[in-house]
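One structure is given below, encoded as structure tokens.
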Amino acid sequence: MVSKLMKYLGEYKKYLVLCVVFAFGEVICELLIPLMMSHIVDIGIPEQNLGYIASIGGIMVLMSAAAIGFGVANAKISSEASQGFGANIRKAMFAQIEQFSFANIDKFSSASLVTRMTNDVNQMQGAIMMTMRLLTRAPLMLISALVIAVSINAKLSLSIFVAIAIFVVIIPIIMRTAGKLFSNMQKKLDALNGTVQENLIAIRVVKAFVRAGYEKTKFKKSNDELMEAAMKAGNLMAVTMPLMMLAMNGTTLAVIWIGGGYVGAGAMGTGELMSFISYITQILMSVMMFSMIFVMLTRARASAGRILEVLSTVPTIQDSPAVETRRKAAVRQGQVEFRDVSFRYSETGGDVLSHVSFAAQPGQMVGIVGGTGSGKTSLVNLIPRFYDATGGEILVDGVNVKDYTQEDLRDGIGMVMQSNNLFSGTIRDNILWGKEDATADEVVQAATDAQAHDFISSFPNGYETDLGQGGVNVSGGQKQRLCIARAMLKKPAILILDDSTSAVDMATEAKIRQSFTRNFKDSTVIIVAQRISSVKDADQIIVLDDGVVAGIGTHDELLESNDIYREICSSQLEGGLAQ
């Protein structure tokens, strides 16, 4: 899995060659130092040749400085490459997520996507950096030191292979166990981030219902589960390292014990034994480096799988190749027609909409009403292809919505959703989402038509007022009017408002509807509403009941002929909402 992401090294692939060069230089320098030390001990000191000792010592200092230089250079370029690698993956993931349909986004929780783009990518970055620094150095050091050690004393070298055999047995066991533990830990991290995100988004609701205690308990559960998963993985590492150190120290003691006998018998020089011990240490350290790399790659493998799951997910809404290559087709008139449309959110779920048929003509205002869960929002989400119908077809200007590019289709549609999403930045920045190159006068006019200009002007900075994340410093009704202004500035052929005036008073709503009549007389305006007063003057009203069209007509026609519509009106008249 990790190898599949290597293409995201991109322009940093050339650093791999440099890492090999620097690692080779570092290893050569470190390998020569023990040999030179043995010459000082076995030749320079017995002969009391200070000049020889000084010259060899000077070369050792230079070798040490060179080794440090090569090591620093290796660390620098591996760090740069890993950071660039992480940036490239995040860029690719974000671009992929931007192409996701609503169905794809429903599959991944937003908390999980955030974790994958941050923590999982960080794990991959760390693995890449360690691999570039150690994966070349470790085998070079292992093989070279092993060859030199055998050349010094072949019999004494046998003890090394015992330690290597122990590592070869331990490492696969660790990797197999660690992979499951790290994968489980990332899932628990998803759950924790989801809990935090949900709480922060709904913090006002939490406080309003005095549910802080409940949320703390829920957070504690997620936090404890993550801690437990992390401790299991940590405990495995905690046991592993002492076992490796035990093998390493045991081998060193065996070499000193047996080598000391060789020195006493005159079969080996003291300097040779010292250099041999140094090479033994380098060999065992190289094996431990391999162990560290394999453990990191095991954790990176779990993260890589989660990253690849995002990158390999095929968006359920795609432009066909034929559509992408044809001449740009714009939505100009705004005619909307549903022909025997059915829709379900999943293959195993039931139909949310069933055999829906109606037509909305340019210049018409169309109201959609029905009880909660009747399919109103699902219906309007099919027009801009946030989801695809599972049966029938939807036409815009006589063309199947699938025969437009998504960009062309949505460019001709203005939409105000149930959730009033604003973004960090100024009020002007948020309204300009509707038309990026709009003039200041156009922005003011759109805000005026949406009945937002007065409250915007009341702020000290007016249109330059900075909105907090999600627009936390404006009220619900103000959010709705800013979102309506954003859609109106676009001047689309089709304007869809999904229960977008629920937080404004009826007088303000009436003024907004008047602006629709005045400014969108040639456009198709589709209003999803809970209260009848919002759609009373519509050219046609569509009544939905459990995903089925239960009636179509004007307000007066439906009052005379449709029991469901009369029931909705009666219930709202009792509550004073239909006036």
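The values are calculated or read from the model by the stated rules, or taken from the named source; none is laboratory data. What you see is a predicted model, and the numbers here were worked out from it, not measured in a lab. Quick reminder, even Gly has a Cβ in these numbers, built from the backbone with ideal geometry, and neighbours come from all protein chains shown. Note: accessible area is taken over every heavy atom of the protein model, side chains too, but ligands, DNA and RNA are not part of it. Shrake-Rupley method; radii C 1.70, N 1.55, O 1.52, S 1.80 Å.
Annotation: Gly84 fulfils all but one of (1) open to solvent by less than 40 Å² (accessible area, probe 1.4 Å); (2) within 23 Å of Asn184 (Cβ to Cβ); (3) of a type in the set (Gly, Ala, Ser); the unmet one is (2). In segment 89-99 there is at least one residue matching the filter, namely being open to solvent by 40 Å² or more (accessible area, probe 1.4 Å) and farther than 30 Å from Thr390 by Cα.
All told, Ser303 meets the bar of being of a type outside the set (Val, Ile, Thr), in contact (Cβ under 8 Å) with a residue 24 or more places away in the chain, at negative phi and open to solvent by less than 20 Å² (accessible area, probe 1.4 Å). I'd like the residue in segment 309-322 that is surrounded by fewer than 16 Cβ atoms within 10 Å (Cβ to Cβ) and in a helix (DSSP H, G or I) and, out of all such residues, is modelled with the lowest pLDDT. Once the filter is applied, the top-ranked residue is Ala322.
Look at segment 139-156: where a residue is part of a helix (DSSP H, G or I) and open to solvent by 50 Å² or more (accessible area, probe 1.4 Å) and a partner is among the polar types (S, T, N, Q) and at pLDDT below 80, sitting 6+ places away or on another chain with Cβ atoms under 6 Å, you get Val150/Ser157.
Looking at Ala438, Ala389, Ala447, just one residue is outside any loop (DSSP other than H, G, I, E, B), among the aliphatic types (A, V, I, L, M) and within 30 Å of Val336 (Cβ to Cβ), and that residue is Ala447.
Kindly indicate which of Gly51, Gly86, Gly10 is modelled with pLDDT of 85 or more and part of a helix (DSSP H, G or I). Steps first, answer last, please.
Values: Gly51 fails: modelled with pLDDT of 85 or more; Gly10 fails: modelled with pLDDT of 85 or more.
Exactly one residue qualifies, and that residue is Gly86.
Condition (residue is surrounded by fewer than 18 Cβ atoms within 10 Å (Cβ to Cβ) and among the acidic types (Asp, Glu)) applied to segment 483-502: is it met by at least one residue? No, every residue in segment 483-502 fails to be surrounded by fewer than 18 Cβ atoms within 10 Å (Cβ to Cβ) and among the acidic types (Asp, Glu). Within segment 26-68, being more than 49 Å from the chain's Cα centre (by Cα), open to solvent by 40 Å² or more (accessible area, probe 1.4 Å) and of a type in the set (Ser, Thr, Tyr) holds for Tyr52, Ser55. For the structure I just gave you, tell me whether Gly414 is touching a Ser or Thr at 6+ places or on another chain (Cβ under 8 Å) and either part of a strand (DSSP E or B) or within 20 Å of Ala503 (Cα to Cα) (or both). No, not satisfied.
Taken as a whole, the condition of being in contact (Cβ under 8 Å) with a residue 60 or more places away in the chain and assigned to a helix (DSSP H, G or I) does not apply to Leu422.
Identify all residues within segment 364-408 that are among the acidic types (Asp, Glu) and crowded, with 18+ Cβ neighbours inside 10 Å; write none if there are none.
Residues of segment 364-408 that are among the acidic types (Asp, Glu), as a first pass: 388, 393, 397, 403, 407-408.
Correct list: Asp397 only.
Taking the listed residues Ala163, Ala178, the one that is at pLDDT below 80, closer than 27 Å to Ile33 by Cβ and of a type in the set (Gly, Ala, Ser) is Ala163, with no other qualifying. Condition test on Ser79, is it part of a helix (DSSP H, G or I), at pLDDT 85 or above and of a type in the set (S, T, N, Q)? Taking the combined requirement at face value, the residue satisfies it.
Rundown of residues vs (1) touching a strand residue (DSSP E or B) at 6+ places or on another chain (Cβ under 8 Å); (2) open to solvent by less than 80 Å² (accessible area, probe 1.4 Å); (3) closer than 25 Å to Val352 by Cβ, yes/no style:
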residue	(1), (2), (3)
Ala507	no, yes, no
Ile512	no, yes, no
Asn519	no, yes, no
Ser533	no, yes, no
Val549	yes, yes, yes
Gly553	yes, yes, yes
Asn562	yes, yes, yes
Tyr565	yes, yes, yes
Cys569	no, yes, yes
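For beta carbons closer than 6 Å, sequence separation of 6+ or different chains, a first residue in segment 103-120 that is more than 12 Å from Val310 (Cβ to Cβ) and part of a helix (DSSP H, G or I) and a second that is modelled with pLDDT under 85 and small (Gly, Ala, Ser), the qualifying pairs are Ala111/Gly194. Would you check if there is a residue in segment 232-252 being open to solvent by less than 70 Å² (accessible area, probe 1.4 Å) and closer than 30 Å to Ser101 by Cβ? No: zero hits.
As a summary of the residue check, Ser38 satisfies the conditions (1) in contact with a Gly (Cβ under 8 Å, 6 or more places away or on another chain); (2) at pLDDT 90 or above except for the one numbered (2). The sole residue among Ile496, Ile456, Ile484 that is in a strand (DSSP E or B), under 30 Å from Gln197 (Cα atoms) and at pLDDT 90 or above is Ile496. When segment 247-266 is limited to residues that are within 19 Å of Ile148 (Cβ to Cβ) and touching a residue at least 60 places away in the same chain (Cβ under 8 Å), the one that is nearest to the chain's Cα centre (by Cα) turns out to be Met248.
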